[in-house]
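The values are calculated or read from the model by the stated rules, or taken from the named source; none is laboratory data. Everything numeric here is computed off the predicted structure, so don't read it as measured data. When we count neighbours, we look across all protein chains shown, and the Cβ atoms used for this are built from the backbone with ideal geometry, even at glycine.
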Amino acid sequence: MNIYVGNLHFNLNEDELREIFEEYGEVASAKVIIDKYSGRSKGFGFVEMPNDTEGEAAIKGLNGVDLKGRNMTVNQSEERKDNYKKDSNSSNFRRNNNNNSNSNYRSNY
């Protein structure tokens with residue numbers, strides 16, 4: 001089971017995240033997402049637990065729990081939705097916008 005963990009303290013590392021979830025069972029992986037430019041945590045991560053029953057227990061036991069002054073958000077992660085699709089007429093990618101604009105670019109104006 002892949003678990004999303006949000007609202008993490010920015011100083012929490014992957015080993016600490018793993019230890020928290022290991023109280024509920026076996027953890028295959030724990031990943032804190034890092035900003036590629038600043039090198040700082042983005043405040044969320046993912047934990048993979050091979051046993052679904054243990055994963056569900058971790059979600060129920062940890063969702064809303066205070067960790068380093070922040071209430072964690074813990075739930076089963078959803079499959080990532082791709083915001084880009086390959087344009088069938090070329091090798092370019094374009095953003096999937098629900099507006100009816102013909103532009104491939106988004107404007108803030």
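Filtering the stretch 13-46 to residues that are of a type in the set (A, V, I, L, M, F, W, C) and either out of contact with any Gly (no Cβ under 8 Å at 6 or more places or on another chain) or loosely packed, with under 15 Cβ neighbours inside 10 Å (or both) leaves 20, 21, 27, 28, 33, 34, 46. Sort out which residues of the stretch 41-74 are at pLDDT 95 or above and among the basic types (Lys, Arg), and write them in order of number. Correct list: 42, 60, 70. Looking across the stretch 37-63, the residues that are in a strand (DSSP E or B) and either touching a residue at least 24 places away in the same chain (Cβ under 8 Å) or out of contact with any Asp or Glu (no Cβ under 7 Å at 6 or more places or on another chain) (or both) come down to 41, 43, 44, 45, 46, 47, 48.
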